[in-house]
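First the structure, in the form of structure tokens, and then the observations on it.
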Amino acid sequence: MPVTVPKNIIHGMPFTWATNYRPRGITTTGQLVIRGGASLLTLGSVVENNHLVFRADADNAADLLPGLYFYQMIATTGGVPEVLESGRFTVQANLALVGPEFDGLSENQKALIAINKTLAARAQGGAPVRYRINNRELYSESMTDLLALQKHYQLLVNAELAAEAGSDLWNRKIRYSMK
């Protein structure tokens, strides 16, 4: 049952989700349950043009902090619940509301930057491989391990960037058709 669920929502901005689910003659109610971490938002539906429609106003949308969320859309007809669709979406930061400390990089991008800085420091001789602090001997990652981590995180970052551009790792455009 196709549902118009956006992949991304902006924090604090109202949104509307509609279904192609056509309520039968019996009274049908809909419920949209959204959960991410400790956040829980439950929205009721209205019937418009013989479809269930879910709306979140700005106050409801403000409760969804930036991050990954999961949803379930449930229709109840004659007391019998039916899950129409389940999935996930991302709430993105509202750039008009964030402060100067905002960093839009993904965790993978941050890790890759840290690994590259460590590799650069090693190449310049500025990062010791082994050192002592208060009679404790500490070791840092070997160069081989760092290069393997760099390769791993570079692949993850490339996959993220390709997905954002609507293509795969080989730069082929991804097209979907729902029949």
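Taken over segment 92-126, residues that are within 21 Å of Leu68 (Cβ to Cβ), out of contact with any Pro (no Cβ under 7 Å at 6 or more places or on another chain) and either polar (S, T, N, Q) or touching a residue at least 60 places away in the same chain (Cβ under 8 Å) (or both) amount to 5. Note on segment 21-47: among residues that are among the hydrophobic types (A, V, I, L, M, F, W, C), over 14 Å from Arg88 (Cα atoms) and out of contact with any Leu (no Cβ under 9 Å at 6 or more places or on another chain), the one that is modelled with the lowest pLDDT is Ile26. Can you say whether Leu95 is on the phi < 0 side of the Ramachandran plot and assigned to a helix (DSSP H, G or I), as far as the supplied structure shows? Taking the combined requirement at face value, the residue does not satisfy it. Residue pairs whose Cβ atoms lie under 7 Å apart, sitting 6 or more positions apart in sequence or on different chains, and linking a residue in segment 154-177 that is at pLDDT 70 or above to a partner that is among the aliphatic types (A, V, I, L, M) and in a helix (DSSP H, G or I), are Gln154/Leu112; Val157/Leu112.
The values are calculated or read from the model by the stated rules, or taken from the named source; none is laboratory data. What you are looking at is a predicted structure, and each value in this text was computed from that prediction instead of being measured. Note that we place each Cβ from the backbone using ideal geometry, even for glycine, and neighbour counts take in every protein chain shown.
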